Amino acid sequence: MNTDLKDRIIQTSIRLFSQNGLKNINTDLIAQEAGISKRTLYEIFPSKEQLIKEVIMHLTNSILLEVQKMNNVIDEENENNFEIVFQHLIKVMNELKNNFTKQVISDLKRFYPEIWKEIHTFFMLKMKEGFFLKIFHYGQDKGYIRKDINIDLVYFIHITILENVVTPEIISELPMSTNDVMKSIFDIFLRGILTEKYRKDQLIET
């Protein structure tokens, strides 16, 4: 299989789907925009549903790559680790907001419920894999997070916030940029658990 051609079709589909939703885009337009025949498209993707699955897989793999980068940052000795992780997190949220638009999510839930279920389950599992628990323990060990706070409880509260706020469905509805959403959560949630020194360093008002 021509991987460059497959990638071109996927990238074209991502652009069209994010702009117009899934239902409003047919394979004729995708083939036209990708500069190929419809027959060639179906040789690579036998159905529109299969194409959508491949697009979703591509997007989730991209997000997983950013999560892995966050893991790698925590394993490095760098005094700016918290800020670097935060920037990677914003990038992940931007990808969610830009690609899983309100219309895309609506179409997935209505016309492709099985794919939507897989996506939702995937994100919930990734949130609970322990990455954020690792961050909180790291922050406490380095003196960023107060020693008198139970990290397991912090993790539980954080996961609850993520499950109910930081999801593709909710983010697509918020009249705020992803950066503003994440900064607000960072400010509201972390203000109470960070040490006084780190709050001052980050100009987080008490």
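Values as computed for the structure displayed
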quantity	calculated
Cα-based convex hull volume of segment 1-47 per residue, rounded to whole Å³	60 Å³
Length-normalised contact order of segment 28-149 in % [C-alpha pairs under 8 Å, at least 6 apart]	18 percent
FRET efficiency for GLU83 and SER37, using Cβ-Cβ distance with R0 set to 41 Å, rounded to 0.05	0.25
Full-extension gain in nm, LYS126 to ILE157, via 0.36 nm per residue minus C-alpha separation	9.6 nm
Evaluated over segment 8-156, the Cα radius of gyration and Dmax, each in Å	19.3, 64
Mean Cβ count within 10 Å, highest first, over the residues of peptides 9-17, 65-73	9-17, 65-73
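Here, each number is a calculation from the coordinates, and none is a lab measurement. Bear in mind that the values here come from a model prediction, so they are computed numbers and not experimental data. Note: ideal-geometry Cβ built from the backbone for every residue, glycine included; neighbour counts use all protein chains shown.
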